[in-house]
Amino acid sequence: MELTTQKHRSFEPSDDARAGANIAGMEAYRALVAQAEHDYEGFWARLARETIEWHEPFSKVLDESNAPFYTWFEDGELNASYNCLDRHVAAGHGERVAIIFEADDGAVTRVTYAQMLARVSRLANALKRRGIARGDRVVIYMPMSVEGIVAMHACARIGATHSVVFGGFSAKSLHERIVDVGAVAIITADEQMRGGKTLPLKPIVDDALAMGGCEAVESVIVYRRTGGEIAWNAGRDCWMHDVVANESDVCEPEWVGTEHPLFILYTSGSTGKPKGVQHSTGGYLLWAAQTMKWTFDWKREDVFWCTADIGWITGHTYIAYGPLALGATQVVFEGVPTYPNAGRFWKMIDDHQVSLFYTAPTAIRSLIKAAEADERVHPARYDLSSLRIIGTVGEPINPEAWLWYRQHVGALRCPVVDTWWQTETGGHMITPLPGATPTVPGSCTLPLPGIMAAVVDETGQDVPDGQGGILVVKRPWPSMIRTIWGDAERFTKSYYPQELGGALYLAGDGAVRDTNTAYFTITGRIDDVLNVSGHRLGTMEIESALVSHELVAEAAVVGRPDETTGEAVVAFVVLKRGCPRGEEAAQLAKALRDWVGKEIGPIAKPKDIRFGDNLPKTRSGKIMRRLLRSLAKGEAIAQDTSTLENPDILNQLGQAR
Ligand code: PRX
């Protein structure tokens, strides 16, 4: 595939953006890239010493002897919560605001570093009192809240490994994660508030625990967010405000080895159940902090705002850890971008004088639509002059949305950083640098210094620029995934497959590099993973949910491009009792959509469900997904269908509904 990013003009960083930037100009960038190439371990060791306060210094840097289970700075000791809180307080910055929290209803609370430290320490002491210790796993199922971040740091402080589950996941998904991770405690809230609505959390935890196999869970600690009525299991449940009430606000941090698992975060893969991505403490924290400095050019005066949820990796790295590791002031938002109206983000930037803003392309696309429909929520109606840098993450951004974002939010002045990375990479990998890289809409441009990204073919050989291929990373980096929790074999197979030679990290995305600039453009997933509104969904997971419905005999799920959500889920379903029509089909489609919502979570609901008597299969019984993808898009079938067992089925599935 010939594809050059130069269809769009490029935008040089302004003199203002370059002046005083942490990486100022391409020369400075190239010098860092050269340092990493010349002395890889020395490069990383220097960053690790600069960004982290070590309790015990490390002497080893990278250990590749047990590849692909790489270790970094292994004999060092540190504590992530200490690095994010105590050291700023010790340096005299206890009164600096760490979090400007804005609730769904607009109420604003400010929490200083000293207050964060006290709150984290009290909860950490309470966790210890309940028998939770180093190495234990704690599931956090919380709304966007200061308490959610405090919970993460309380775990980190005592050396417990947290596993945050996004508050939109169903009881079944939560249950699967509680069991897989072997949680001993759950930290949750009674309910959450989003868009003026109250949604349950604790009742879902109750349902999950009632599904069995969670006997290890001895404590459920509940933050009272709404005061809504919830069931109570006296031996197990306790209010967060009660358990911290008499605890000391001093808690000596548990010093852990650099490789100690800070957290396990589940994400979807192409096959089977979600993968528990295990991250280290030291390598992860180093990159969370360093990328704040490089990608967002963070400076002390900045007010940072990442709109992600702490249930995703973006909320881990760019809310819970990166900003706090630097002593930054950040906005944390409980609600949704469209409540009370679609001007909420712009109003909040204005109100809190946000200078660094980081959001998802899906949000931008939906706010463009809203602004075009109602000029009262257009960014032009707000004062966004505090903005300095604007970023995107999670999915490809189409050039139209990128240009709109640059013009209407960034006032043609703020560099746009389109950051490519993944749950597994821990932090940014390929991204423009605001004070250096000329940007091109739709391209994430160049790898950060130290990140050896490349595009290869199916055998692991480099492909020439301009030719599409498979995105890989050639050398291990400190913040990379360490393993899949409980499944080391799956880790090796998924990320270091033998087909590519076993030494390249396989990202699961396709990419192409520009022939002139060597800029990367991500062309989308190359496996059966969908990206809907920036959320990763495995087609197999949705198929399993569908076939677990009593009426469903068979199901196949594919993605279809969608103007707002990037991709949309389309499901082809065969019922046990034959193909429904008309009103019955519409009702069944709704019932199945709701079913998937209950089984996985609302984010996984298929947008379109089509019924048929069968699915297109080869004579050996293999479902031909590429045909389904064409049908989902409404394309005429141009492919060869001669190997199909049942070619007539295409008509039925293409027309149905
Ligand atoms: O397909 C890529 C897409 O999101 C995937 C990673 O999803 P997740 O682990 O949930 O992490 C999302 C937040 C980092 C990638 O494999 N993706 C992420 N960022 C971009 C992107 N695709 C294109 N451009 C991006 N900037």
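The values are calculated or read from the model by the stated rules, or taken from the named source; none is laboratory data. Treat the numbers as computed from the prediction; the structure is a model and nothing was measured. Here the Cβ is made from the backbone with ideal geometry for all residues, glycine too, and neighbour counts use every protein chain on show. Only protein heavy atoms, including side chains, enter the accessible area calculation; ligands, DNA and RNA are left aside. Shrake-Rupley method; radii C 1.70, N 1.55, O 1.52, S 1.80 Å.
Exactly which GluC sites (Glu not before Pro) in the stretch 175-261 are in a DSSP loop and have at most 12 other Cβ atoms within 10 Å? Before the final figure, lay out each step's value.
Values: sites: GLU176, GLU191, GLU215, GLU218, GLU229, GLU247, GLU254, GLU259; in loops: GLU215, GLU218, GLU229, GLU247, GLU254, GLU259.
Those satisfying the criteria are GLU215, GLU229.
Quick one: work out the % antiparallel among DSSP beta bridges in the chain, nearest 5.
Numbers: 57 of 97 bridges.
Once the DSSP bridges in the chain are tallied, antiparallel ones form about 60 percent.
Under the Karplus relation 6.51 cos²θ - 1.76 cosθ + 1.60, θ = phi - 60°, what is the ordered set of whole-Hz ³J(HN,Hα) values for the stretch 125-132, x standing for Gly and Pro?
Values, residue by residue: 4, 5, 5, 4, 4, 8, x, 7 Hz.
Which net charge results for the neighbourhood of ALA231, defined as the other residues with beta-carbon distances under 13 angstrom from its beta-carbon, given Lys and Arg at +1 and Asp and Glu at -1?
Working: positive: LYS202, ARG236; negative: ASP190, GLU191, ASP206, ASP207, GLU229, ASP237.
Net local charge, ALA231 excluded: -4.
Counting only DSSP beta bridges with both residues in the stretch 550-657, what percent are antiparallel, rounded to the nearest 5? Can you show the working numbers first?
Working: 12 of 17 bridges.
Restricted to the stretch 550-657, the bridges split so that about 70 percent are antiparallel.
How big is the Kirkwood radius of the stretch 550-657, worked out from every pair of different alpha carbons and given in Å to one decimal?
On the way: mean 1/r = 0.0701 Å⁻¹.
After inverting the pairwise mean of 1/r, the radius is 14.3 Å.
Multiplying the sequence separation of GLU583 and GLU499 by 0.36 nm and subtracting their Cα-Cα distance, what value in nm do you get?
Working: separation 84, 0.36 × 84 = 30.24 nm, distance 4.84 nm.
Taking GLU583 through GLU499 to full extension adds about 25.4 nm, to one decimal.
Taking 41 Å as R0, compute the FRET efficiency from the Cβ-Cβ separation of ARG130 and GLN353 and round it to 0.05.
Values: r = 40 Å, r/R0 = 0.98.
Computed FRET efficiency for ARG130 and GLN353 comes out at 0.50.
Taking 7 Å along the Cα-to-C-beta vector as the label spot, tell me the SER385-ALA411 distance in nanometres, rounded to one decimal.
Output for this residue pair reads 0.6 nm.
So the label point goes 7 Å from the Cα of GLU218 along Cα→C-beta, right? Which residues of the stretch 109-141 then have their backbone N under 13 Å from it?
Residues 127-134, 136-137 fall inside that zone.
Quick one: with all protein chains in place, what share of the accessible area of the stretch 43-175 is carbon or sulfur, to the nearest percent (1.4 Å probe)? Provide the component values of the computation, followed by the final result.
On the way: 2000 of 4320 Å².
About 46 percent, which is the carbon plus sulfur part of the accessible surface.
Please find the FRET efficiency linking ALA19 to ARG376, where r is the Cβ-Cβ separation and R0 is fixed at 45 Å, and quote it to the nearest 0.05. Mind showing how you got there, number by number?
Details: r = 36 Å, r/R0 = 0.80.
Given R0 = 45 Å and the Cβ-Cβ separation, E is 0.80.
Taking the dipole about the Cα centre of the stretch 553-655, with the C-beta of Lys and Arg at +1 and of Asp and Glu at -1, give me whichever of GLY578, GLN639, GLY621 is farthest to the positive side.
It is GLY621.
Which residue, chosen from VAL108, SER145, GLY135, occupies the Cα position most advanced towards the positive end of the dipole of the stretch 72-151, where the dipole is computed from +1 (Lys, Arg) and -1 (Asp, Glu) charges on Cβ about the Cα centre?
Farthest towards the positive end: GLY135.
Just the number, please: carbon plus sulfur as a percent of the accessible area of the stretch 350-466, 1.4 Å probe, no ligands or DNA/RNA counted.
Numbers: 1820 of 3600 Å².
Here it works out to 51 percent.
Might you report the magnitude of the Cβ-based charge dipole of the stretch 28-142 about its Cα centre, with Lys and Arg at +1 and Asp and Glu at -1, to the nearest 20 debye?
On the way: 14 positive and 17 negative charges, 130 e Å.
Dipole magnitude for the stretch 28-142 comes out near 620 debye.
If you stretched the chain out fully between ASN233 and LYS633, how much longer would it get, using 0.36 nm times the residue separation minus the C-alpha to C-alpha distance? Mind showing how you got there, number by number?
Details: separation 400, 0.36 × 400 = 144.00 nm, distance 4.92 nm.
So the chain would gain 139.1 nm between ASN233 and LYS633.
Identify, among GLY212, ALA183, ILE158, the residue whose Cα sits farthest towards the positive end of the charge dipole of the stretch 151-224, taking +1 on the Cβ of Lys and Arg and -1 on the Cβ of Asp and Glu, with the dipole about the Cα centre.
Most positive-ward Cα: ILE158.
From Cα coordinates alone, what are the radius of gyration and Dmax values for the stretch 201-325 in angstrom?
Values for the stretch 201-325 (Cα only, Rg and Dmax): 18.3, 50 Å.
Probe of 1.4 angstrom, ligands and nucleic acids ignored: what's the accessible area per residue over the chain, in square angstrom?
Values: 24360 Å² over 657 residues.
Per-residue value: 37 Å².
Under the rule of -39500 (n - 2.57) per DSSP H run of 4 or more residues, summed and divided by the residues of the chain, what mean residue ellipticity at 222 nm is obtained, to the nearest 500 deg cm²/dmol?
Details: 18 runs with 183 residues, N = 657.
Computed mean residue ellipticity for the chain: -8000 deg cm²/dmol.
Would you work out the relative contact order for the chain, in percent, from Cα pairs under 8 angstrom that are 6 or more residues apart?
Working: 1465 pairs, mean separation 91.3, N = 657.
Rounded, it is 14 percent for the chain.
Any chance you could check the Cα centroid distance between the stretch 345-422 and the stretch 621-649 for me, in angstrom?
Their Cα centres are 39 Å away from one another.
Taking the Cβ-Cβ separation of ALA34 and VAL97 as r and a Förster radius of 41 Å, what is the calculated FRET efficiency to the nearest 0.05?
0.60
Within the accessible area of the stretch 478-528, what % is carbon and sulfur when the probe is 1.4 Å and the other protein chains stay in place? Mind showing how you got there, number by number?
Working: 960 of 1940 Å².
Percent of accessible area from carbon and sulfur atoms in the stretch 478-528: 49.
Quickly work out the GLU56-to-TRP255 label distance, labels modelled 7 Å from Cα along the C-beta direction, and quote it in nm with one decimal.
Those two pseudo-labels are separated by 0.7 nm.
With labels modelled as points extended 7 Å from the Cα through the Cβ direction, what inter-label distance (nm, one decimal) is found for ALA488 paired with ARG110?
About 5.0 nm, to one decimal.
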